[in-house]
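**Student:** Structure incoming, see below.
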Amino acid sequence: MMKPKKLYLIIESALLALTAGLLAAAAVRMYVHGAAQIASGDLFYYIYTREKVGAALLHLLPLICATAVFTVAGWVLGIRDESAGKLVAMDGIDAKESVKKAVPKKTGRRERILQSTILILAIVLILLGIWNGGMGDVFDKGAAICTECVGLG
Amino acid sequence: MMRAADTKMQTGNERVRMDMEKETIDSGERKEKAGAHAQPAYGTFTRRLVQLYAALLYNANLKGFLDGHIYSGPLKSVCVPGFNCYSCPGAIAGCPLGSLQNALNASGHTAPWYMLGILALFGVVLGRTICGWICPLGLIQELLHKLPVPKIKKSIVTRCLSYLKYVMLVVFVIAIPVWYGINQGIPLPGFCKYICPAGTLEGAVGLLQNKANATSFYQLKLLFTQKWVIMLIIGLACAFCYRSFCRFLCPLGAIYGFFNRFCVVGVRVDTDRCNGCGLCVRRCQMDVKHVGDHECISCGECMGSCAQGAISIQAGRITLAGPVSGKHADPEPVIQKRRKLGRIAWGVAIAVLLFALAWFNWIEPAQEAAKTPKPDQTAAAHSQTETQSSEKADAKPAAAAHPETEAQSSEKADTKPAAAAHPETETQSSEKADVKPAAAATGTIGSEVGDLLPDFRTELLGGGQFQLSDYRGQVVILNLWATTCAPCIEELPYYEKLKVAHPDVEILAIHHRAGAKKAENFLADKGWDHLDIALDSKEKGLFSLLGASDAMPQTIVLNKEGKITYNVQVPLTYEQLEELVSQAS
Ligand code: SF4
Ligand code: SF4
């Protein structure tokens, strides 16, 4: 007999995977349909519109709500994967070596020199960048929406 | 004799040390069995607050979510240290990774010193402490991990996967932008374009949720579908596997990881206290081999599991967080002093946040509004046909202010451009246009389909002036573009070709105010001699006059009456342009 907690975790995983899967499938379906429409010669067919996306989300709303309610219930009841907080095996890591390599509390001379050198270099590079227009480039990109960056176009 | 005694002593010390280790490990296991490890380490709550604070500060332009516009003030020339998309309506500064790709894109003509300097500065001061404390994407991943599902623990497999982010860095952040920038002259931020879930979530979803950007949906094609699916997969993975994106894919983490061993702020181990029990590494959910290595995000979660009190978070010699209880706890006065400093720091931080919220949401917009010329005033100043429609223009400066107009036009634009959806209207209007070209134009001034675009005058690149009302009786196409926008650059040659094929159609390409000065250099060798090109500026405010969004490219087609027949932010093909011209003629 499966423990209720374990059962909950399995159902929650299935709900989450299903929600994500159907959200992905809705987009893929919309795209495939739209691409076929465009291929058939409809030059101005818009694959996605606010209305179409709204309708698709509305279809999935019951599932999204069910997943949300189930998740909140789990939180309220304090259900979670207990093994998550446990120690994991070192799995091929040598503890002794690990200690030797850990970053020590006292910063060594070498580290301090490296810190100062990089700090100075960074400031010089920034000043050079302001001088050669690199800073302006950052502004130019940030001041208008990069439709490619966000996946719009 | 001596050597034998030494060896004996060493063996004795070793035994003592091993006993100590065993005791510590046992105590760790005992604590774990008793459920002590199920408790969050001290400092978790503070870290969560800092993460929330950073997310809010990076996105202090809250009004952007309401009006659907991004912030485009001077602060966009600097970057925040964490992952935060600069196309998010809330973002007040640039994204370091997006800006780096952009800088590498431009490396053919401008060396990327600025971004290298910024990343080196962030790296040497904070290292991957940024990932653990002030990265909004890190926060989202950790919240997703709170979902009650079975968790995949770290193992040799996840450790191998953690090297994938270096591949991401080399291929998507460095190679693709450099290759396209130098060889093709196209700005192509590989990681942003093909992978970045922050761009999809904060940028695309953040913008599309606003009704003002309804026409941005028309741009969405395969790229969005693919990025949407990637975002969902990454989100789902984060629920099951701690910080999956951060550990396996994030190139920014890969960059900051290089600085981790010697950065000023970070987690450190007191080697005199440490007995090598390894509990810290076993407790850590990241793929660290030792505390503070390139995978360590200085979250400090391991501090609570160290029975020796050997772990602390340091800023140089100053201890920011250390053991507060147990036999290795810092002395009480030290803890009190640290708490006092912490309270002062929070006071300053809250004051900064409140100032930022006030500045970006009220003070700066009010200043901008006072400086920018109002669309209807400018239109009235230049227009010859304004006399007929200026009354209406005063009442209705832009369609966005009139939800009913907007709703109508968005319905029209649902699947086809309005002209195509209403051919009979177009025929009537073109007939009228033949009879009374310019003077017959009456209607609402605005930027929606069916509106009359406000008249404006601007200087053209290479001399001459463009006045919109001069072209009444002709089809006019306005293309809004920027050199930083790859789809715009790919689309512009079609306009040139169109102009050659239809000399009677007036085409004006207006460059966004950002980077307008560089457009001249960009255009120098293109040989697009038929296009009229104008550069926008803060003073001219052409984009806002035309009711343009911040997303480009945008195309506005006016028929012979001067009425808008098409106004959408989407890159067009040559065939589509031909179709739009024939509809407007
Ligand atoms: S720092 Fe890590 S290895 Fe050293 S004593 Fe503490 S928990 Fe053990
Ligand atoms: S080693 Fe400690 S500080 Fe570093 S990531 Fe792991 S738990 Fe966080």
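**Student:** For the range A:53-98, which positions are surrounded by 12 or more Cβ atoms within 10 Å (Cβ to Cβ), in a loop (DSSP other than H, G, I, E, B), more than 16 Å from ligand 1 (Cβ to nearest atom) and not hydrophobic (A, V, I, L, M, F, W, C)?
**Tutor:** A:ARG80, A:ASP81
**Student:** Among the numbered criteria (1) at the interface with another protein chain (Cβ under 10 Å from one of its Cβ atoms); (2) farther than 30 Å from B:TYR566 by Cα; (3) under 17 Å from the mean Cα position of the chain (by Cα), which single criterion is violated by B:ILE140?
**Tutor:** (1)
**Student:** A further question on this structure: Considering only the range B:154-180, state which residues are open to solvent by 70 Å² or more (accessible area, probe 1.4 Å), without any contact (Cβ under 8 Å) to a residue 24 or more places away in the chain and part of a helix (DSSP H, G or I).
**Tutor:** B:ILE156, B:VAL157, B:CYS160, B:VAL167, B:VAL170, B:TRP179
**Student:** Under the condition of being assigned to a helix (DSSP H, G or I) and away from chain A (no Cβ under 13 Å), which residue from the range B:515-543 is least open to solvent (accessible area, probe 1.4 Å)? Give the steps one after another, and end with the answer.
**Tutor:** We begin by selecting, within the range B:515-543, every residue assigned to a helix (DSSP H, G or I); these are B:516-524, B:542-543.
Right, trim to away from chain A (no Cβ under 13 Å) and you get B:520, B:523-524, B:542.
Values: B:GLU520: 105, B:LEU523: 26, B:ALA524: 84, B:LEU542: 5 Å².
Per the stated criteria, the residue is B:LEU542.
**Student:** So how many residues does the range B:333-349 have that are open to solvent by 60 Å² or more (accessible area, probe 1.4 Å) and under 22 Å from A:VAL103 (Cβ atoms)?
**Tutor:** Total satisfying the criteria: 1.
Here is a yes/no grid of residues against (1) facing chain A (nearest Cβ under 9 Å); (2) among the aliphatic types (A, V, I, L, M):
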site: B:LEU208; (1), (2): yes, yes
site: B:LYS211; (1), (2): yes, no
site: B:LEU223; (1), (2): yes, yes
site: B:SER244; (1), (2): no, no
site: B:CYS277; (1), (2): yes, no
site: B:ARG282; (1), (2): yes, no
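**Student:** If you don't mind, there's one more thing I want to ask. Hey, among the residues in the range B:260-275 that are of a type outside the set (A, V, I, L, M) and within 7 Å of chain A (Cβ to nearest Cβ), which one's most open to solvent (accessible area, probe 1.4 Å)? Please lay out each step first, then the result.
**Tutor:** The first filter runs over the range B:260-275 and keeps only residues of a type outside the set (A, V, I, L, M), leaving B:260-263, B:266, B:268, B:270-275.
This time we only want the ones that are within 7 Å of chain A (Cβ to nearest Cβ), so: B:261-262, B:266, B:268, B:270-271, B:274.
Working: B:ARG261: 105, B:PHE262: 31, B:GLY266: 1, B:ARG268: 14, B:ASP270: 27, B:THR271: 68, B:CYS274: 30 Å².
Applying the filter and picking the extreme gives B:ARG261.
**Student:** Given the conditions (1) in a loop (DSSP other than H, G, I, E, B); (2) modelled with pLDDT of 90 or more; (3) not aromatic (Phe, Trp, Tyr), which single one is not true for B:GLU142?
**Tutor:** Result: B:GLU142 fails condition (1) only.
**Student:** Still on this structure, please answer the following. Quick one: B:LEU508 ticks every box in (1) within 14 Å of another protein chain (Cβ to nearest Cβ); (2) assigned to a strand (DSSP E or B); (3) surrounded by fewer than 24 Cβ atoms within 10 Å (Cβ to Cβ) except a single one, so which number is it?
**Tutor:** Looking at each condition in turn, B:LEU508 falls short on (1).
**Student:** Run B:ALA60 past the list (1) away from chain A (no Cβ under 13 Å); (2) open to solvent by 10 Å² or more (accessible area, probe 1.4 Å) and report the number of the one that doesn't hold.
**Tutor:** Single failed check for B:ALA60: (2).
**Student:** Out of the residues in the range B:288-311 that are out of contact with any Cys (no Cβ under 9 Å at 6 or more places or on another chain) and more than 16 Å from B:ARG261 (Cβ to Cβ), state the one that is farthest from ligand 2 (Cβ to nearest atom). Explain how you work it out, then say what you get.
**Tutor:** Pass one, the range B:288-311, residues out of contact with any Cys (no Cβ under 9 Å at 6 or more places or on another chain): B:289, B:292-294, B:300, B:304, B:309.
From what is left, the residues that are more than 16 Å from B:ARG261 (Cβ to Cβ) are B:300, B:304, B:309.
On the way: B:GLY300: 5, B:GLY304: 9, B:GLY309: 14 Å.
Here the residue is B:GLY309.
**Student:** Helices (runs of 4 or more DSSP H) wholly in the range B:1-120 with at least 1 residues that are at pLDDT 50 or above and within 16 Å of ligand 2 (Cβ to nearest atom) - which ones?
**Tutor:** Working: elements: B:2-33, B:44-58, B:63-67, B:96-105.
Correct list: B:44-58.
**Student:** Here's something else I'd like to know. Kindly provide the set of residues from the range A:99-153 that are under 30 Å from B:GLN569 (Cα atoms) and touching a strand residue (DSSP E or B) at 6+ places or on another chain (Cβ under 6 Å), ordered by number. Can you show your working first?
**Tutor:** Within the range A:99-153, the first condition is being under 30 Å from B:GLN569 (Cα atoms), and the residues that meet it are A:133-153.
Passing the criteria: A:VAL138, A:GLY142, A:ILE145, A:THR147.
**Student:** Just wondering, is there one or more residues in the range B:562-583 that are in contact with a His (Cβ under 9 Å, 6 or more places away or on another chain), surrounded by 22 or more Cβ atoms within 10 Å (Cβ to Cβ) and closer than 22 Å to A:GLY142 by Cα? Break it down stepwise before answering.
**Tutor:** Going through the range B:562-583, the residues in contact with a His (Cβ under 9 Å, 6 or more places away or on another chain) turn out to be B:578, B:581.
Subset that is surrounded by 22 or more Cβ atoms within 10 Å (Cβ to Cβ): none.
Checked against the condition, which is being in contact with a His (Cβ under 9 Å, 6 or more places away or on another chain), surrounded by 22 or more Cβ atoms within 10 Å (Cβ to Cβ) and closer than 22 Å to A:GLY142 by Cα, the range B:562-583 yields no hits at all.
**Student:** Another question about this same structure. Quick check on my filter: what residues within the range B:262-312 are among the β-branched types (Val, Ile, Thr), in a loop (DSSP other than H, G, I, E, B) and away from ligand 1 (no atom under 12 Å from the Cβ)?
**Tutor:** Answer for the range B:262-312, where residues must be among the β-branched types (Val, Ile, Thr), in a loop (DSSP other than H, G, I, E, B) and away from ligand 1 (no atom under 12 Å from the Cβ): B:VAL264, B:ILE297.
**Student:** For the range A:34-52, which positions are hydrophobic (A, V, I, L, M, F, W, C), in contact (Cβ under 8 Å) with a residue 12 or more places away in the chain and in a helix (DSSP H, G or I)?
**Tutor:** Let us first name the residues in the range A:34-52 that are hydrophobic (A, V, I, L, M, F, W, C), namely A:35-36, A:38-39, A:43-44, A:47.
Now narrow it down to the ones that are in contact (Cβ under 8 Å) with a residue 12 or more places away in the chain: A:35, A:47.
Across the range A:34-52, the qualifying residue is only A:ALA35.
**Student:** So for the range B:314-332 (the condition being under 30 Å from A:THR117 (Cβ atoms), more than 11 Å from every other protein chain (Cβ to nearest Cβ), within 16 Å of ligand 1 (Cβ to nearest atom) and surrounded by 14 or more Cβ atoms within 10 Å (Cβ to Cβ)), does at least one residue qualify?
**Tutor:** Looking through the range B:314-332, at least one residue is under 30 Å from A:THR117 (Cβ atoms), more than 11 Å from every other protein chain (Cβ to nearest Cβ), within 16 Å of ligand 1 (Cβ to nearest atom) and surrounded by 14 or more Cβ atoms within 10 Å (Cβ to Cβ).
**Student:** If you don't mind, there's one more thing I want to ask. Name, by its number, the condition in (1) part of a helix (DSSP H, G or I); (2) within 14 Å of ligand 2 (Cβ to nearest atom) that does not hold for B:ALA345.
**Tutor:** (2)
**Student:** If you don't mind, there's one more thing I want to ask. Considering the range B:469-488 alone, what residues qualify as being modelled with pLDDT of 90 or more and touching a Ser or Thr at 6+ places or on another chain (Cβ under 8 Å)?
**Tutor:** B:VAL475, B:ILE477, B:LEU478, B:ASN479, B:LEU480, listed by residue number.
**Student:** Tally up the residues in the range B:524-550 that are among the aromatic types (Phe, Trp, Tyr) and touching a helix residue (DSSP H, G or I) at 6+ places or on another chain (Cβ under 9 Å), please. I'd like the intermediate steps shown before the answer.
**Tutor:** Filtering the range B:524-550 for residues among the aromatic types (Phe, Trp, Tyr) gives B:528, B:543.
With the extra rule that they be touching a helix residue (DSSP H, G or I) at 6+ places or on another chain (Cβ under 9 Å), the set shrinks to B:528.
The qualifying residues number 1.
**Student:** For the range B:240-280, which positions are of a type in the set (Val, Ile, Thr) and within 28 Å of the chain's Cα centre (by Cα)? Give the derivation first.
**Tutor:** Narrowing the range B:240-280 to residues of a type in the set (Val, Ile, Thr): B:255, B:264-265, B:267, B:269, B:271.
Of everything in the range B:240-280, those that are of a type in the set (Val, Ile, Thr) and within 28 Å of the chain's Cα centre (by Cα) turn out to be B:ILE255, B:VAL264, B:VAL265.
The values are calculated or read from the model by the stated rules, or taken from the named source; none is laboratory data. These numbers were taken from a predicted model, which means no experiment stands behind them. Using ideal geometry, Cβ is built from the backbone for each residue, glycine included, and neighbour counts are taken over all protein chains shown. The accessibility values were calculated without ligands, DNA or RNA, using every heavy atom of the protein model including side chains. Shrake-Rupley method; radii C 1.70, N 1.55, O 1.52, S 1.80 Å.
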